[in-house]
1. So, of the residues in region 23-34 that are buried (at least 24 other Cβ atoms within 10 Å of the Cβ) and within 13 Å of the ligand (Cβ to nearest atom), which turns out to be nearest to the chain's Cα centre (by Cα)?
2. In region 166-199, which residue that is near the ligand (Cβ under 8 Å from one of its atoms) and outside any loop (DSSP other than H, G, I, E, B) is farthest from Leu120 (Cα to Cα)?
3. Hey, does region 44-60 have a residue that's over 25 Å from Asp240 (Cα atoms) and among the polar types (S, T, N, Q)?
4. Sort out which residues of region 40-93 are in a helix (DSSP H, G or I), of a type in the set (A, V, I, L, M) and in contact (Cβ under 8 Å) with a residue 12 or more places away in the chain, and write them in order of number.
5. Of all residues being of a type in the set (A, V, I, L, M, F, W, C) and more than 16 Å from the ligand (Cβ to nearest atom) in region 200-236, which is nearest to Gly167 (Cα to Cα)? Just the residue, please.
6. Do we find that Ile118 is closer than 21 Å to Ala218 by Cβ and within 16 Å of the ligand (Cβ to nearest atom) in this structure?
7. Within the set of pairs 6+ apart or on separate chains, which have a first residue in region 2-28 that is at pLDDT 95 or above and in a loop (DSSP other than H, G, I, E, B), a second that is near the ligand (Cβ under 8 Å from one of its atoms) and of a type in the set (S, T, N, Q), and C-beta atoms under 7 Å apart?
8. Counting only residues that are closer than 16 Å to Ala235 by Cα and surrounded by 24 or more Cβ atoms within 10 Å (Cβ to Cβ), how many does region 143-158 have?
Amino acid sequence: MAAELSGKVVIVTGGARGLGAAMAEAVVAGGGKVLITDVLEKEGADTAAALGESARFLRHDVTNEADWQAAFDLAVAEFGRVDGLVNNAGVATGELLENESVEHFRQVIEINLVGVFIGLRTAIPVLRAHGGGSIVNISSAAGLTGLALTAGYGASKWGVRGLTKIGAVELAESRIRVNSVHPGMTYTPMTAGLGIQPGEGGYPGTPMGRVGVPEEIASAVTFLLSDAAAYMTGAELAVDGGWTAGPTVRALTGR
Ligand SMILES: NC(=O)c1ccc[n+]([C@@H]2O[C@H](COP(=O)([O-])OP(=O)(O)OC[C@H]3O[C@@H](n4cnc5c(N)ncnc54)[C@H](O)[C@@H]3O)[C@@H](O)[C@H]2O)c1
């Protein structure tokens, strides 16, 4: 069920496909307007077009400050205000710590963490001018625990979680809420190449035994964007089938 977002204008980064596209769809389903941004121009334009008049697309690299300003300017020009930002754009890694190159580590931090930082900085004056708002930062289950093979990625997602807390305490007086969402393994173009399968039993290492689908992450995000979450800031919402809750009975006993 879509969260109530009537009259709200939300920017979703990395919204061309995967989780971001599902979030954009959920914003529109809740009655809101969405500016989808991404570096993937064709996919982004197609995703926005499929959502009709309530959606726009802008090419936007989250590492670029001028692109960020252009995104907020366009959202205000097209829809008159901005109430929400979802910092969703991100890239993944899959190397052992000792094999990760310094260059690649820096690249991942630049997109996944510096990109979120610039987004927060750019959002603050705009949201303040419109009486406040809600920022949702997409971290990861890898930002709640030490996940092997995620050196740059995991570090960036722990950073996103920390930045969320700082934003929450600094911005509460401005009526800007800042929360993080921590998806577990979810079936998207980012993860489809990892050999995971959607559906029951497809991911036995997690308590629910399956991977998530993008709509299950999107519903947590739209809840945090909505007034139903009016007293929530600085929270971290794991949406991971129980993966970060602890080891399964099977993992502990072999049964
Ligand atoms: N899928 C999962 O299992 C999972 C789990 C935990 C966290 N996440 C996080 O959720 C977010 C979305 O992931 P997804 O699975 O939908 O991946 P995805 O690869 O399908 O989508 C990510 C989008 O971000 C865009 N992007 C990448 N670099 C960018 C940049 N510099 N500027 C603007 N856009 C850029 C990509 O073009 C892509 O459209 C990411 O932050 C990811 O780390 C995903």
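1. Met23
2. Checking each candidate, the answer is Thr186.
3. Yes, there is a match, as at least one residue in region 44-60 is over 25 Å from Asp240 (Cα atoms) and among the polar types (S, T, N, Q).
4. If the condition is that a residue be in a helix (DSSP H, G or I), of a type in the set (A, V, I, L, M) and in contact (Cβ under 8 Å) with a residue 12 or more places away in the chain, then Ala45, Ala48, Ala70, Ala71, Leu74, Ala75, Val76 are the ones that fit.
5. Filtering region 200-236 for residues that are of a type in the set (A, V, I, L, M, F, W, C) and more than 16 Å from the ligand (Cβ to nearest atom), the one nearest to Gly167 (Cα to Cα) comes out as Ala235.
6. Spelling it out, it is not the case that Ile118 is closer than 21 Å to Ala218 by Cβ and within 16 Å of the ligand (Cβ to nearest atom).
7. Pairs that qualify, where the first residue is at pLDDT 95 or above and in a loop (DSSP other than H, G, I, E, B) and the partner is near the ligand (Cβ under 8 Å from one of its atoms) and of a type in the set (S, T, N, Q), are Gly14/Asn88; Gly15/Thr37; Gly15/Asn88.
8. Matching residues across region 143-158 total 2.
The values are calculated or read from the model by the stated rules, or taken from the named source; none is laboratory data. A quick note: this is a predicted structure, and the numbers were derived from the prediction, not measured. Reconstructed Cβ throughout: ideal geometry from the backbone, glycine too, with neighbour counts over all protein chains shown.
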